[in-house]
Amino acid sequence: MTSRGNHVARATFESKVPPFYYRPSASDCQLLREQWIRAKYERQEFTHPERQEPYSAGYREGFLWKRGRDNGQFLSRKFVLTEREGALKYFNRSDAKEPKAIMKIEHLNATFQPAKIGHPHGLQVTYLKDNSTRNIFVYHEDGKEMVDWFNALRAARFHYLQVAFPGASDADLVPKLSRNYLQEGYMEKTGPKQTEGFRKRWFTMDDRRLMYFKDPLVRMGRGPRAPAAWTRPLGSPARLGGADQHLLGELKMTGRAGKEGPGLGAARGSEQRSARSPSQDAFARGEVFIGSRESGYTVLDGLPPSTQGHHWPHGITIVTPERRFLLACETESEQRAWMEAFRKVVDRPMLPQEYAGEVGGAAWGPSRMAPSGPDPWDRVPFPVEAHFKHKP
């Protein structure tokens, strides 16, 4: 009976879900789970397609709080998403004729990172700039607005991929619209000579790209303000299907978030943030491409016997066609998690565009340079391999 009820509820309330709309699981952040249920039952967006315009129109314009690259302050910035130009742009001033940055849809990814950003609506957007991965961190006080932006980006990616791969099915394209990171956390690393001291760095595994930063963004004096108390409770749980009741999990919702939005050029006033580590990288300090086993990549448990200088005992060696990368984890459980993530990537056959020196449309090559200067690590000529670069 319960299964039949769930089927009827889905047939009614999910009858017209766009293929690009993100369907959250129980492991997703609270915002995605909550807005999915509100969209289904309160706003009934999936039974009335005209209510999907905020993320289906192919154009979206608005203001988001964006974290500054140098000082860590969140400032209001105007964002424009245009599918016609295939780009997400943001502007520092309302009267600016030229955008501060142009992010091509083909190279863009977005993932919610509330803990890292320090706000329940925090979104991390990554894209390529001068062949290096660039991060921007944004949020909006209204949860619906932020999820609408997220799904608008997915819609733009979906329509781009439909043109790029005309024979692909929706099922083939949907997994490529956005992706969560395979693994994140601290590890120690050493340099290319493998005689340098090991340094603690924050690592992010994004598909086949292993990137590292000095610290995660969460190292801030004060995070952004959490949204105002909810003022309208979610509909009675009796209306929800069993799957949605499970999805709600431990959501603690007592009302609806305030809808205040940022005005262009404003700082958060008394909430203006200063990072404890203001030089937090907008660019990854280093990146390495991890290919498939057939292409000469593998991952080994432990470090070479002669390795010295690491403080953490649980080593990992990434073997590429040209060199080895030595890493160390603090605990055995962290080592197992990283090994599992690396092996999933290594065991997966490479795509044709990856052999051509691309990952998700992003060019990879030994000529990549960081904004701060040349790579102190040895450049690697292997055509599909990126490598830890610029700062140690």
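Apply 1/(1 + (r/R0)^6) to the Cβ-Cβ distance of R336 and R84, taking R0 = 41 Å, and write down the FRET efficiency to the nearest 0.05. With R0 = 41 Å, the Cβ-Cβ based efficiency is 0.30. Per-residue 3J(HN,Hα) values for segment 15-27, derived from phi via the Karplus relation 6.51 cos²θ - 1.76 cosθ + 1.60 with θ = phi - 60°, read 5, 9, 6, x, x, 7, 5, 6, 9, x, 10, 5, 8 Hz in sequence order (x marks Gly and Pro). Checking every one of the trypsin sites (Lys or Arg not before Pro) in segment 165-201 against DSSP loop status and a limit of 16 other Cβ atoms within 10 Å picks out R179, K193. Using Cα centres only, tell me the gap between segment 6-26 and segment 84-134 in whole Å. If we compute the Cα centre of each part, the gap is 28 Å.
For a quick check: sort T331, T126 by the number of other beta carbons within 10 angstrom, fewest at the front.
On the way: T331 12, T126 22.
In order of increasing Cβ crowding within 10 Å: T331, T126.
Derived scalar couplings between HN and Hα for segment 107-118 equal 10, 9, 9, 9, 8, 6, 9, x, 5, 5, 7, x Hz in order, rounded to whole Hz, by the Karplus curve 6.51 cos²θ - 1.76 cosθ + 1.60 (θ = phi - 60°), x for Gly and Pro.
Along its principal axes, segment 85-161 has C-alpha extents of 33, 29, 23 angstrom, given from the largest down.
In segment 1-100, which trypsin sites (Lys or Arg not before Pro) are in a loop and have at most 10 other Cβ atoms within 10 Å, using DSSP for the loop call? Can you show the working numbers first?
Working: sites: R4, R10, K16, R33, R38, K40, R43, R51, R60, K66, R67, R69, R77, K78, R84, K89, R93, K97, K100; in loops: K16, R43, R69, R84, R93, K97, K100.
Counting only loop positions with at most 10 other Cβ atoms within 10 Å, the trypsin sites (Lys or Arg not before Pro) in segment 1-100 are R84, K97.
Which pairs break 24 Å Cα to Cα here: K129/K176; K16/K144; K66/K214; K78/K176?
Details: K129/K176 20 Å; K16/K144 19 Å; K66/K214 20 Å; K78/K176 27 Å.
Result: K78/K176 exceed 24 Å.
Basic side chains Lys and Arg get +1 at the Cβ, acidic Asp and Glu get -1 at the Cβ, and with that the dipole of segment 1-116 about its Cα centre reaches some 240 debye.
Only the coordinates and a few stated rules stand behind these numbers; no lab work does. All values derive from a computational prediction rather than experimental measurement. Here Cβ is always computed from backbone atoms with ideal geometry, including for glycine, and neighbour counts include all displayed protein chains.
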